[in-house]
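Structure first, then comments.
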Amino acid sequence: MTEKELIQKCESGEIGFVRLQITDINGMLKNVEVPARMLPAILEKGAMFDGSSIDGFVRIEESDMYLRPDLSTFAFLPWDNGQGKTIRLICDVYKPDGTPFEGDPRYVLKRVIQKAKNMGFETYAGPEPEFFIVKRDRDCGKPIGAFLDTGSYFDLLPVDGGEEVRKQIVLSLQEMGFEVEAAHHEVAPSQHEIDFRYTDILKTADNVQTFKWVVKTIAIANGFHATFMPKPFSGVNGSGMHVHMSLFSDGNNAFYD
């Protein structure tokens, strides 16, 4: 999606709102939603926000910061099918003087990628995230910590009570550009794993944040709660996220031989 194409979609009414997303130092996804008509100005100058209100960013006297969208992260929100759809753009954080903010986790990763590049390496990663889908109290909306099923590794309906929710998650991820490779029930009750194809390490990090957001959103839409906590229940397997790392040099696997 080029800048010109994106602006045309906004002007035609195809896009109604834009969610500008960043990650704080705790790994929490944050966003501000703006009307699509604001996007041309944001692409030119950035979107100002109060950095002192984000955990780990800056002090109140240094609060003015700017979001600059990365157009390669463009994606429609699959659960928004109304008129004037919503898109998301992941952003980099900049200081008022135009330099990148050192505390932006995305910028920290970019520095590591550049360090590897200076050493002659291209960096790739492929994650295998696990999570639980549990019941939610219908009155207050809070998770009640009760298993949704008694399934185990590779089980299916009727034992796997989260199969349909997991299918919706996969379909939503694919609409957002993910290349999903596998989805299945994990070892513990109500535990699941969805694997998506490896790619360069920056896009993988963006994908993990998007993945968690999609999983939690689709779970809520179905009246459930998804958690990525490593050990939410005693006596059963916890959740992990294997990350397959690889380095290439001149197009070849640097670990070969």
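For the range 202-257, which residues satisfy the criterion of being of a type in the set (Phe, Trp, Tyr) and either loosely packed, with under 15 Cβ neighbours inside 10 Å or under 18 Å from the mean Cα position of the chain (by Cα) (or both)? PHE211, TRP213, PHE228, PHE255, TYR256 - these are the residues of the range 202-257 that are of a type in the set (Phe, Trp, Tyr) and either loosely packed, with under 15 Cβ neighbours inside 10 Å or under 18 Å from the mean Cα position of the chain (by Cα) (or both). Per this entry, PRO105 is counted among residues that are in contact with a strand residue (DSSP E or B) (Cβ under 6 Å, 6 or more places away or on another chain) and within 23 Å of LYS30 (Cβ to Cβ). Scanning the range 210-228 for residues that are modelled with pLDDT under 95 and in a loop (DSSP other than H, G, I, E, B) yields ASN222, GLY223.
Restricting to the range 88-124, and then to whatever is assigned by TED's automatic domain parsing to the domain that holds ILE54, of a type in the set (A, V, I, L, M, F, W, C) and within 16 Å of the chain's Cα centre (by Cα), can you tell me which residue is surrounded by the fewest Cβ atoms within 10 Å (Cβ to Cβ)? Selected residue: LEU89.
Across the range 125-177, the qualifying residues are those that are part of a helix (DSSP H, G or I) and among the hydrophobic types (A, V, I, L, M, F, W, C), and the one among them that is nearest to the chain's Cα centre (by Cα) is LEU173. For the range 2-57, residues that are surrounded by 14 or more Cβ atoms within 10 Å (Cβ to Cβ) and of a type in the set (Asp, Glu) total 2. Within the range 229-242, residues that are among the small types (Gly, Ala, Ser) have Cβ atoms under 6 Å from residues that are surrounded by 14 or more Cβ atoms within 10 Å (Cβ to Cβ) in these pairs: SER239/GLU130; SER239/PHE131; GLY240/GLU130, counting only partners at least 6 apart in sequence or on another chain. Among the criteria (1) surrounded by 18 or more Cβ atoms within 10 Å (Cβ to Cβ); (2) outside the structural domain of LYS216 (by TED's automatic domain parsing), the one GLU130 does not fulfil is (2).
Evaluation of ARG68 against the conditions (1) closer than 30 Å to ALA219 by Cβ; (2) assigned to a strand (DSSP E or B); (3) within 20 Å of the chain's Cα centre (by Cα) shows that the sole unmet condition is (1).
Within the range 81-99, not a single residue is assigned to a loop (DSSP other than H, G, I, E, B), closer than 20 Å to LYS212 by Cβ and in contact (Cβ under 8 Å) with a residue 40 or more places away in the chain.
The values are calculated or read from the model by the stated rules, or taken from the named source; none is laboratory data. Just so you know, these numbers come straight off a predicted model, no measurement behind them. Every residue, glycine among them, receives a Cβ derived from its backbone with ideal geometry; neighbour counts consider all protein chains shown.
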